[in-house]
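Notes to accompany the following structure.
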Amino acid sequence: MQLRYNYRLYPDAAQREALARAFGCARVLFNDGLRARQDARQAGLPYISDVDLSKRVITQAKTSPEREWLGEVSAVVLQQALADLNTAYRHFFASLCGGRKGPRFGAPRFRSRKDNRQAIRFTRNARFKVGEKLSLPKVGDITVRWSRRLPSDPSSVTVIKDAAGRYFASFVVETNGQPLSGTEEEIGIDLGVGHFAVLSDGRKIDSPRFLRRAEKKLRKLQRALSRKQKGSKNRGKARLKVARQHAKVADARREFHHQTSTRIIGENQAVFVEDLAVKGLARTKLAKSVHDAGWSTFVAMLEYKANLYGRTFAKIGRFFPSSKLCSSCGSVAGQMPLNVREWACSCGAVHDRDVNAAINILTAGRAERLNACGDQVRPPRAVAQVDETGSLRGAA
């Protein structure tokens, strides 16, 4: 499977200038291609093909006085920027005709030099070299902090500058995960706000609430930013301080997700979670807590690590009544507001709301798993056939 490996870059002043030039050229080329297609559409002309667009905005533009500086950067950077535009249009057209699942894609929009994130991509055609340093064409040898070894030769590298002014190299590599030692344990996970995760074995993982803990400092930095004059150098410095604090929060959350997901995958052969409607929850009064928890990222980590290490991972339908279903007798309770943390079933069982939900998620996940023969562990109900043993119609 393909994975991304990210590393921190430390370019010097000349290399930062060369990267800024590459970011600018890629942005301008993307906007030129988008403008050409928009103008053709408004004029009633046919859609410009990818080949014709490349000739117009790259090959011919380099010979014009207005765009001759495009030759100062690697040609692969320009080609990949145009490839991003073509991909954006394909996703947009697929969304219009209903050929793409998930949320609908809008039409491509112009890129701004004030975007918080700038990125360029080099493929193997650019002949970048990975050694003690990362060698990029027309940029130079950039110092890299190699936190871990690359499992194979990368097929591409994306150089990213984030809002905090940090540079990263993101490699796409092909890797084959090594199956972990065998274990028969299976776990169900109920994600929440009070506790980040509650496991079916009764364990509860507290939510670190990184954003909530950093709110006081962020409030102070944002007030200082609001007092700076727009366009001044001091405002730029204040903006960087705010961005670095947000980056610190995001890095801490990502590290927590990695450690927790790795531990869960290593301890269990099968992991089952509930498919939460995160976008819907993010529009409620719990929006800040939902974003602070980062459930989607955590579930995505569980899924790819399970595939990498030979574990089983499955999602339970979001309409499954995990909290209201009694794990002892199977009866479903009535309305259950969020402030109800414990409830008693008519069968006499007293449940912790979150632990009961995790147990039900585990049970539902086991029922939906396929056995060695490829059939469900719990087959669906079927109508009895005529030749089966039973009472005949009209029998006394």
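Inspect the range 265-274 for any residue being of a type in the set (F, W, Y), within 25 Å of the chain's Cα centre (by Cα) and farther than 17 Å from F313 by Cα and give the result as yes or no. So far as the range 265-274 goes, no, none of its residues is of a type in the set (F, W, Y), within 25 Å of the chain's Cα centre (by Cα) and farther than 17 Å from F313 by Cα.
The set of residues in the range 155-170 that are in a loop (DSSP other than H, G, I, E, B) and either out of contact with any Ser or Thr (no Cβ under 9 Å at 6 or more places or on another chain) or within 15 Å of P11 (Cβ to Cβ) (or both) comprises D162, A163, A164, G165, R166.
Total residues in the range 203-213 satisfying the condition of being within 21 Å of S328 (Cα to Cα) and either in a strand (DSSP E or B) or touching an Asp or Glu at 6+ places or on another chain (Cβ under 8 Å) (or both): the figure is 1. A single entry from S147, S95, S54 fulfils the requirement of being in the same structural domain as A26 (by TED's automatic domain parsing), assigned to a helix (DSSP H, G or I) and farther than 23 Å from R27 by Cα: S95. Of G131, G140, all but one fail to be exposed (fewer than 11 other Cβ atoms within 10 Å of the Cβ), over 27 Å from the mean Cα position of the chain (by Cα) and either assigned by TED's automatic domain parsing to the domain that holds L29 or among the hydrophobic types (A, V, I, L, M, F, W, C) (or both); the exception is G131. Taken over the range 280-319, residues that are without any contact (Cβ under 8 Å) to a residue 12 or more places away in the chain and either farther than 17 Å from F196 by Cβ or not in a loop (DSSP other than H, G, I, E, B) (or both) amount to 9. For R121, the requirement of being among the charged types (D, E, K, R), crowded, with 16+ Cβ neighbours inside 10 Å, in the same structural domain as K161 (by TED's automatic domain parsing) and not in a loop (DSSP other than H, G, I, E, B) is met.
The number of residues in the range 57-81 being closer than 21 Å to Q118 by Cβ and assigned to a helix (DSSP H, G or I) comes to 14. One residue is enough: does the range 82-92 have a residue meeting the conditions part of a loop (DSSP other than H, G, I, E, B) and modelled with pLDDT under 95? No: the range 82-92 contains no residue that is part of a loop (DSSP other than H, G, I, E, B) and modelled with pLDDT under 95. Flag: H195 matches the condition of being in the same structural domain as Y304 (by TED's automatic domain parsing), under 23 Å from N356 (Cα atoms) and touching a residue at least 12 places away in the same chain (Cβ under 8 Å). The single condition among (1) in a strand (DSSP E or B); (2) within 30 Å of R366 (Cα to Cα); (3) touching an Asp or Glu at 6+ places or on another chain (Cβ under 8 Å) that T183 does not meet is (1).
Somewhere in the range 334-352, is a residue β-branched (V, I, T), modelled with pLDDT of 85 or more and within 33 Å of the chain's Cα centre (by Cα)? The answer is no, given that none of the residues of the range 334-352 is β-branched (V, I, T), modelled with pLDDT of 85 or more and within 33 Å of the chain's Cα centre (by Cα).
The residue pairs whose first member lies in the range 212-234 and is among the aromatic types (F, W, Y), whose second member is surrounded by 10 or more Cβ atoms within 10 Å (Cβ to Cβ), and whose beta carbons are closer than 7 Å, counting only pairs six or more residues apart or on different chains, do not exist in this structure. Does at least one position in the range 362-371 carry a residue that is at pLDDT 90 or above, among the acidic types (D, E) and either at negative phi or in contact with an Asp or Glu (Cβ under 6 Å, 6 or more places away or on another chain) (or both)? No: the range 362-371 contains no residue that is at pLDDT 90 or above, among the acidic types (D, E) and either at negative phi or in contact with an Asp or Glu (Cβ under 6 Å, 6 or more places away or on another chain) (or both). Among the residues of the range 261-279, those identified as part of a helix (DSSP H, G or I), in contact (Cβ under 8 Å) with a residue 60 or more places away in the chain and surrounded by 14 or more Cβ atoms within 10 Å (Cβ to Cβ) are I264, I265, E267.
The values are calculated or read from the model by the stated rules, or taken from the named source; none is laboratory data. Here the structure is a predicted model, which means the values were calculated and not measured. Cβ: placed from backbone, ideal geometry, glycine included. Neighbour counts: every protein chain shown.
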